[in-house]
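No value in this document is a laboratory result; all are computed from the given coordinates. Since the structure is predicted, the reported quantities are computational estimates derived from the model, not experimental observations. Reconstructed Cβ throughout: ideal geometry from the backbone, glycine too, with neighbour counts over all protein chains shown.
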Amino acid sequence: MKTNYSWSAPSNIAFVKYWGKKGVQEPLNSNLSGTLDKCRTNTSIIFEKGEFDVTLFFHGERNETFEKKVRAKLAKTISNEFPSLLNYKLTIHSENTFPHSCGIASSASFYASLSLCLTEFEFELSSRSIYGESDCFSTDFLERASFYARLGSGSACRSLFPGVATWEFESPAYAKCLEIKNDNLKEIDDFICLVDSSEKSVSSTLGHSMMNDHPYKDLRINQANQNFSACVTALQYGDWNSFIQVVEEEANSLHALMMTSRPAFILLKPNTLAFIESFQRWREEHQVNACYTIDAGPNLHFLVDRKQSELFKSFIEKNTHLLENGQYIHDQIGGVIKKIEHI
Ligand code: DP6
């Protein structure tokens with residue numbers, strides 16, 4: 001039997017944000033994201049029979065802090081669903097295709113790639129094929145991998161699906177792929193602009209927990225669920241104006257929630273706002289289908305109609321003085337998971 005599994009999974013950018021959780025890593029509100037292409041994590045796991053343990057190497061070096069977190073997730077939550085995992089010693093090798101300090105959270109792509117390795121191993125143990133019709137990965141396989149990814153890190157469950165993935169509060173076990181029929185909003189580029197790479201003062205996990213007794217909790221859940229429906233409709237009809245309105249409102253609301261948490265915290269930096277101001281002026285002048293979004297940090301993602309990407313690049317090039325070392329990554333929505341030989 002095979003004992004070594006390797007997978008590559010992309011990161012994702014939320015259009016409607018998951019912020020706040022309940023139960024075992026279930027979202028308070030429905031959310032959805034675009035799966036990136038270039039920004040990904042490659043992971044391999046070697047399974048050896050023996051007492052359960054985890055050793056983790058990141059870019060070839062043992063990382064004991066991360067190893068401890070992953071060991072705890074596997075032992076405490078994932079093994080409840082996959083008990084025979086506890087009869088194995090796991091050696092994990094992982095690496096990101098994007099620079100470590102570029103401000104992209106790697107937990108989504110990491111847990112997505114880790115879960116694919118775990119799920120392939122689980123299927124192999126029970127002699128099930130991971131493939132469905134016409135050599136595509138089976139729905140069972142993808143849903144199981146998304147389920148494990150969610151237990152690792154909520155937003156990771158969306159990284160398994162190409163294009164746009166939804167994670168709904170009414171069916172929170174795993175994410176699903178959103179099939180988009182209209183071509184108008186299918187080709188979206190993502191320019192990831194690094195404003196500040198220093199460590200965040202408040203982690204996402206702590207931020208989520210502050211939603212439990214947030215003064216705007218109920219309002220937020222309603223707003224996000226409405227935005228979820230509005231975003232799905234905008235994507236289905238190829239309606240860029242509505243898409244821009246929803247996506248920017250979501251980014252602004254996420255940070256407004258942080259600023260009104262108890263205790264309050266602010267992750268935006270002066271240059272985040274300076275860049276947005278400059279972008280709004282430029283967009284007004286050029287009438288480009290483009291919007292900004294921000295996850296839990298100070299860095300900006302610009303979602304841009306691919307037809308207008310070259311024009312948008314000229315805007316960024318004029319504003320690189322607002323970015324840390326002038327850094328940005330030009331990625332796109334539409335990445336897919338890949339089974340790889342080794343990392
Ligand atoms: C702001 O998935 O990183 O990026 O489930 O605690 O691991 P945990 O949190 P995480 O939260 C992501 C929050 C967000 C919005 C989003 O991706 O939807």
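In this structure, the residue pairs whose Cα-Cα separation is over 20 Å, taken from K49/K338; K69/K200; K17/K313; K21/K217; K21/K76, are K49/K338; K17/K313. In plain terms, the bigger the Kirkwood radius, the slower the diffusion; for the range 52-177, with that radius from Cα pairs, at 25 °C and 0.890 mPa s, Stokes-Einstein puts D at 161 µm²/s.
Measuring nothing but alpha carbons in the range 1-89 and taking Rh as the Kirkwood radius, the Rg to Rh ratio lands at 1.02.
Each residue of the range 293-310 was assigned a 3J(HN,Hα) from its phi angle through the Karplus curve 6.51 cos²θ - 1.76 cosθ + 1.60 (θ = phi - 60°); the sequence is 9, 9, 8, 7, x, x, 8, 10, 10, 10, 9, 10, 4, 3, 4, 10, 5, 5 Hz, with glycine and proline shown as x.
Dividing the Cα radius of gyration of the range 145-210 by its Kirkwood radius returns 1.05 for Rg/Rh.
Using C-alpha pairs below 8 Å separated by at least 6 residues, the relative contact order for the range 188-343 is 43 percent. When peptides 140-152, 8-20, 84-96, 280-292 are sorted by average Cβ neighbour count within 10 Å, with the highest value leading, the order is 8-20, 140-152, 84-96, 280-292.
Could you give the Stokes-Einstein D for the range 282-343 in µm² per second, using the C-alpha Kirkwood radius, 10 °C, 1.306 mPa s? Value of D from the Cα-based Kirkwood radius: 115 µm²/s. Calculated translational diffusion coefficient of the range 252-326 (4 °C, 1.567 mPa s; Stokes-Einstein with Kirkwood radius over alpha-carbon pairs) equals 97 µm²/s. Each label point was placed 7 Å from the Cα along the Cα-to-Cβ direction; for Q226 and D53 their separation is 5.5 nm.
Placing unit charges on the Cβ atoms only, positive for Lys and Arg and negative for Asp and Glu, gives the range 85-208 a dipole magnitude near 360 debye about its Cα centre.
Just need log10 I(q)/I(0) for the range 188-343 at q = 0.10, 0.14, 0.16, 0.18 Å⁻¹, Debye formula, equal scatterers on the alpha-carbon atoms, no solvent, rounded to two decimals. Those come out to -0.42, -0.81, -1.02, -1.20, one per q.
The charge dipole of the range 141-276, taken about the Cα centre with unit charges on the Cβ atoms of Lys, Arg (+1) and Asp, Glu (-1), comes to about 400 debye, rounded to the nearest 20.
Distant-in-sequence amide contacts of F137, defined by a placed amide H-H separation under 5 Å and a gap of 5 or more residues or a different chain, comprise G132.
When only the Cβ of Lys, Arg, Asp and Glu is charged (+1, +1, -1, -1), the dipole of the chain relative to its Cα centre reaches about 640 debye. For the chain, the alpha carbon positions stretch 63, 48, 40 Å along the principal axes, listed from largest to smallest. With R₀ set to 25 Å, the beta-carbon distance separating E277 from N325 gives a calculated FRET efficiency near 0.75.
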